[in-house]
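The values are calculated or read from the model by the stated rules, or taken from the named source; none is laboratory data. Computed from a predicted structure; not experimentally measured. Cβ placement follows ideal geometry from the backbone for every residue including glycine, while neighbour counts extend to all protein chains displayed. Keep in mind that these areas ignore ligands, DNA and RNA; they rest on the heavy atoms of the full protein, side chains included. Shrake-Rupley method; radii C 1.70, N 1.55, O 1.52, S 1.80 Å.
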Amino acid sequence: MNQRSPLSTLATADSVDNVVVFVSDALRFDFLPESVRELGVTAKAIAPSTFTASGLPSLLTGQYPATHKVWMFDDQLRERPPLLREDGVDVGFDAEGVWIKLPSAEKPPLKIHHVKTESKLADVASPFVHVVHDIGPHAPYGFENDVFDSTKEYFRSYERDRPALVELYRQDCRNSAERFRAMYDQLVDRGLLEDTLVVFTSDHGQSLGEWSNGGRFGHGHPLCPENVEIPVVFMGAGLPEGETYPGLVSGTDVVPTALSAQGRRVPDDADGLDLWEGVPTPDRKVRSDVWQHLEVGARGYATDVSVYAATSAWDDTGGYVFHRHSTAERLAATFYDNVFRGYGPAWRHNATLGKAVALFNLMVAESLTYRTPEFSEAEARRAVPDEFEEAAHEFADASLSGDQESQLRDLGYLQ
């Protein structure tokens, strides 16, 4: 593809009955396996967030986190998003490979979206929408989530060397792609592929010890290209294979595009664009927002601490990042995270004075510029929110026991 075109003009189908969205957790754009790329039209996208709790609902609502206000895993959307409403379509949600210690009704990804039960692709009947939240290459690299009790245990006892960790991450990307291909083949075998828009994407990227990111492993922070650049591959529906979509899109475009392809109404409050019937404007800027915060307390006193808060604006040549809230809290949280928490052993093993200085400089900066964006910092500031608002709604029940919360925090899902 030499120029942007609506996907409907590339497809053999004017519309589809079915939509499948496969979210490979923590798979960054430059590690997309060729076995997925070759199946459809691949776009480089900016993840709406660098953290699953806010990124996944952005993928499934078409809204930025600052719009839907789900920041942490105990936040919840006000209602089930339009894509997942059973208004004439069968809806399936499969998170079997992630959050494996919890029953379906208590898994935060389901609770966030007001979904109570899980199902497999084989369980849904056309017309349908089926969402898969796959473990992807999320740590612990090279193992399923139930092998190690915590990410910290994995990095401390198994592997900490950066080249080896990068290769294990790459292999986990391939493993996720194999699971996706198995599902894709089900659609082919059932004769549904031509009538299904299939989307392969991720909720965020992953830092892999790069010097520019202060040697950090993981995601959430810093807000940087490695953590925000993700793939979005559109396939099925008679779309061409092995094509590249020119320019940059947003993870918030998935829902408007999917709803439009199904002939359903795209909500007026969607931040994303309908790529089925339209194309982004040349001057479009896309965002990524993250606000990791938690309540800490001692001796009867409790306060909310901002672990990391940032917003950003991007085009296909670069972007600007603006930090929010307390610099002191951000520095303290980063120090604690790198020294004592899950990815800590890997960071300490690969740390150098230069990386430590780079990380300090990242965290104290009010703003950061990546690459050479073709718009000004002033334009970027006008495109991002000045403040973040608290969650619109929280879980009404305490769904996680103390042991469950501790375990999920160790695995890197909770702060």
When the chain is fully extended, how far beyond the present Cα-Cα distance does R85 get from E38, taking 0.36 nm per residue of separation? 13.8 nm
Coil-residue trypsin sites (Lys or Arg not before Pro) of the stretch 101-198, DSSP, other Cβ within 10 Å capped at 16: K101, K116, K120, R190
Bounding extents of the stretch 63-173 in its principal axis frame from Cα atoms, largest first in Å, are 50, 34, 24
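Could you tell me whether the stretch 1-87 comes out rounded, prolate or oblate from its Cα gyration tensor? Rule is a ≥ b ≥ c as square roots of the eigenvalues, rounded for a/c under 1.5, then prolate if a/b exceeds b/c, otherwise oblate.
Numbers: a/c = 2.16, a/b = 1.40, b/c = 1.55.
Because a/c hits 1.5 or more and a/b fails to exceed b/c, the stretch 1-87 counts as oblate.
Set the bar at 22 Å for Cα to Cα. Now go through K69/K120; K101/K152; K44/K285; K69/K285; K44/K107; K69/K111 and name every pair that lies beyond it. Before the final figure, lay out the partial values.
Working: K69/K120 29 Å; K101/K152 17 Å; K44/K285 14 Å; K69/K285 20 Å; K44/K107 29 Å; K69/K111 15 Å.
Flagged as over cut-off: K69/K120; K44/K107.
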Measure off 7 Å from each Cα along the Cα-to-Cβ vector at V147 and S15, then give the distance between these two points in nanometres to one decimal. 4.6
Towards the positive end of the charge dipole of the chain, with charges on Cβ (+1 Lys, Arg; -1 Asp, Glu), say which of A43, N350, V16 has the farthest Cα. N350
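Keeping every protein chain present and rolling a 1.4 Å probe, give me the accessible area per residue for the stretch 232-337 in Å².
Accessible area per residue: 39 Å².
If packing is taken as the average number of other Cβ atoms within 10 Å across a peptide's residues, how do 127-134, 224-231 rank, most packed first?
Details: 127-134: 23.0, 224-231: 24.6.
Per-residue mean Cβ counts within 10 Å order the peptides as 224-231, 127-134.
What's the magnitude of the charge dipole for the chain around its Cα centre, counting Lys and Arg as +1 and Asp and Glu as -1 at the beta-carbon? Answer in Debye, nearest 20.
On the way: 38 positive and 64 negative charges, 212 e Å.
Charge dipole of the chain: 1020 debye, to the nearest 20.
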For the stretch 123-264, Rg(Cα) over 2.2 N^0.38 Å is 1.21
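Against the 2.2 N^0.38 Å scaling, with N counting residues, where does the stretch 185-289 land? I'd like the Cα-based Rg ratio to two decimal places. List each step's numbers first, then the result.
Values: Rg = 16.3 Å, N = 105, 2.2 N^0.38 = 12.9 Å.
Expressed relative to 2.2 N^0.38 Å, the Cα Rg reads 1.26.
With charges only on Cβ, +1 for K and R and -1 for D and E, what is the dipole size of the stretch 36-185 about its Cα centre, in debye, rounded to 20?
Values: 19 positive and 23 negative charges, 102 e Å.
It comes to approximately 480 debye.
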Which value, in nm² and rounded to one decimal, describes the direction-averaged projected area of the C-alpha convex hull of the chain? 18.9
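State, as an integer percentage, the relative contact order of the chain based on alpha-carbon contacts under 8 Å between residues 6 or more apart. Mind showing how you got there, number by number?
Numbers: 931 pairs, mean separation 113.4, N = 415.
Relative contact order comes out at 27 percent.
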Kindly list the residues of the stretch 239-269 that lie in the label zone of E277, defined by a backbone N under 18 Å from the point 7 Å along the Cα-to-C-beta vector. 253-269
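Quick check: at a probe of 1.4 Å, how many percent of the accessible area of the stretch 67-210 sits on carbon and sulfur atoms?
Working: 2490 of 5560 Å².
Exposed carbon and sulfur together represent 45 percent of the surface.
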Relative contact order (%) - the stretch 117-222, alpha-carbon pairs under 8 angstrom, separation at least six: 22
For N361 and E167 in one chain, what is 0.36 nm times their gap in residues minus the Cα-Cα distance, to one decimal in nm? 67.0 nm
Placing +1 on the Cβ of each Lys and Arg and -1 on the Cβ of each Asp and Glu in the stretch 125-274, which of S260, N175, H130 has its Cα farthest towards the positive end of the resulting dipole? N175
Take every Cα pair under 8 Å in the stretch 234-320 that's 6+ residues apart, average their separations, divide by the length, and report that relative contact order as a whole percent. 22
Roughly how many debye, to the nearest 20, is the charge dipole of the stretch 130-184 about its Cα centre, given +1 on each Lys and Arg Cβ, -1 on each Asp and Glu Cβ, and no other charges? 200
Between E194 and K116, what is the label-to-label distance in nm when each label sits 7 Å out along the Cα-to-Cβ direction? 3.9
